Ligand SMILES: C[S@@+](CC[C@H](N)C(=O)[O-])C[C@H]1O[C@@H](n2cnc3c(N)ncnc32)[C@H](O)[C@@H]1O
């Protein structure tokens, strides 16, 4: 298991991933499409289509890249008629200029040394790069502290678990783009109009569903089976001791960068 690439573990549970992972705000999709350049839309790391279905509903000319065949099988079912290319972004050759590149919860898996240049090459002048991520926050301070103790005990530190952020961890004021987006450091050398869009929603999981959700996350998937079960048992015991439900405030952030005209 240790030799597996962390970005490629999701297909091990593709159907479950699709069932338990959250989607994205509809407003994000309309906002991003309104800011996009003219032309087709490319989605990098489309997974099972949690974002693809939302873009496809707008009748855009969408192409999806998804390297994992098991994820791509679910994706093809979810967005019939949308071309799905079974490749990484790094191995793909742009077939035409795109007006928009989106990437939901996947841009950090693309080679950091090459991703800006690859996006630049795939976009038309004036085209928009728009990767986005969900950030889960646990507003209940007691539950947050108890889960943090479990994470620390098992060495899961560094904001990698969905319950590792409390609203108090968010910066009080606006953060400069370069600080907010480690995934986009250096992008200003090629792109312009850098800005962030943010959305807030709520999501609750009952403990069994939360266990399934955690099982779909790479940091848990990378643990060996015995260790994963122990960590999940301990985590879910905390949720059960707090009433059996975990409530999240979900912040969804989009990083925008435009290829100059
Ligand atoms: C966390 S999942 C996100 C899937 C989907 N976009 C979503 O929002 O649920 C990350 C996806 O990126 C894919 N992926 C990993 N490395 C990639 C790469 N280099 N290029 C394109 N996709 C990649 C994985 O196969 C996986 O489906």
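Here are some notes:
- Extension reserve of the residue 247-residue 135 stretch, reckoned as 0.36 nm per residue once the Cα distance is removed: 39.0 nm
- Mean residue ellipticity (222 nm) of the chain, computed from DSSP H runs ≥ 4 via -39,500 (n - 2.57), nearest 500: -9500 deg cm²/dmol
- For the chain, the share of DSSP beta bridges that are antiparallel, to the nearest 5, is 60%.
- Euclidean distance between Cα centres, the stretch 183-246 to the stretch 33-80, Å: 22 Å
- Neighbour-count order for 187, 101, fewest beta carbons within 10 angstrom listed first: 187, 101
- Using the Cβ-Cβ distance between residue 237 and residue 179 with R0 set to 30 Å, the FRET efficiency from 1/(1 + (r/R0)^6) comes to roughly 0.25.
- Between the Cα long axis of helix 141-153 and the first principal axis of the chain there is an angle of about 90°, rounded to the nearest 10.
- C-alpha long axis of helix 69-78 to longest principal axis of the chain, angle in °: 70 degrees
- On Cα atoms only, tilt of 225-241 relative to the major axis of the chain in degrees: 70 degrees
- Residue exposure proxy: 201, 103, ordered by other Cβ atoms within 10 angstrom of their Cβ from fewest to most, comes out as 201, 103.
- Rg ratio for the chain: its Cα radius of gyration over 2.2 N^0.38 Å, N being its residue count, equals 1.02.
- Note on residue 224 and residue 160: the extension gain reaches 21.3 nm, defined as 0.36 nm multiplied by sequence separation minus the Cα-Cα distance.
- Listed by Cβ neighbour count within 10 Å, with the fewest neighbours leading, 107, 92 appear as 92, 107.
- If you plug the beta carbon distance of residue 206 and residue 15 into 1/(1 + (r/R0)^6) with R0 = 22 Å, you get a FRET efficiency near 0.70.
Read the figures in this text as sums done on the coordinates, not as results from a lab. In this text the structure is predicted, and so the values were computed from the model without any measurement. Virtual Cβ from ideal backbone geometry, glycine too; neighbours counted across all protein chains shown.
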